[in-house]
Amino acid sequence: MIRSNSISFSADVKIELIIAGSRFEVGQLGPGFAFLRQSRDINATECVIELTVDGKVSTSHVRLTTPITRASRRFEFVPIS
């Protein structure tokens, strides 16, 4: 009989969109786009995307290139240099 000790790894991941101190949960993040977890209208152009993986925080300052509306949770952005 062959025994296998398989170890699985799972990271604790949290993604948030931060606008003027308000935080909105992001459900999916891709290159240049993201989806809010809940639909809402957000009127902003510059914001921060905060990615936390196992307690380590990374932030990206971005400019929104498409509006965030209740009709579509998907939005696009470009990095601010």
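The table for this structure:
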quantity	calculated
Top-ranked residue in segment 19-37 [being outside any strand (DSSP E or B) and modelled with pLDDT of 95 or more; ranked as surrounded by the most Cβ atoms within 10 Å (Cβ to Cβ)]	ARG37
Residues located in segment 46-76, provided they are surrounded by 12 or more Cβ atoms within 10 Å (Cβ to Cβ) and of a type in the set (S, T, N, Q)	THR52, THR59, SER60, THR65, THR69, SER72
Among the candidates SER81, SER8, SER58, residue that is part of a strand (DSSP E or B), free of Cβ contacts under 8 Å to residues at least 12 places away in the same chain and of a type in the set (Gly, Ala, Ser)	SER58
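The values are calculated or read from the model by the stated rules, or taken from the named source; none is laboratory data. A quick note: this is a predicted structure, and the numbers were derived from the prediction, not measured. Every residue, glycine as well, gets a Cβ built from its backbone with ideal geometry; the counts of neighbours run over all protein chains shown.
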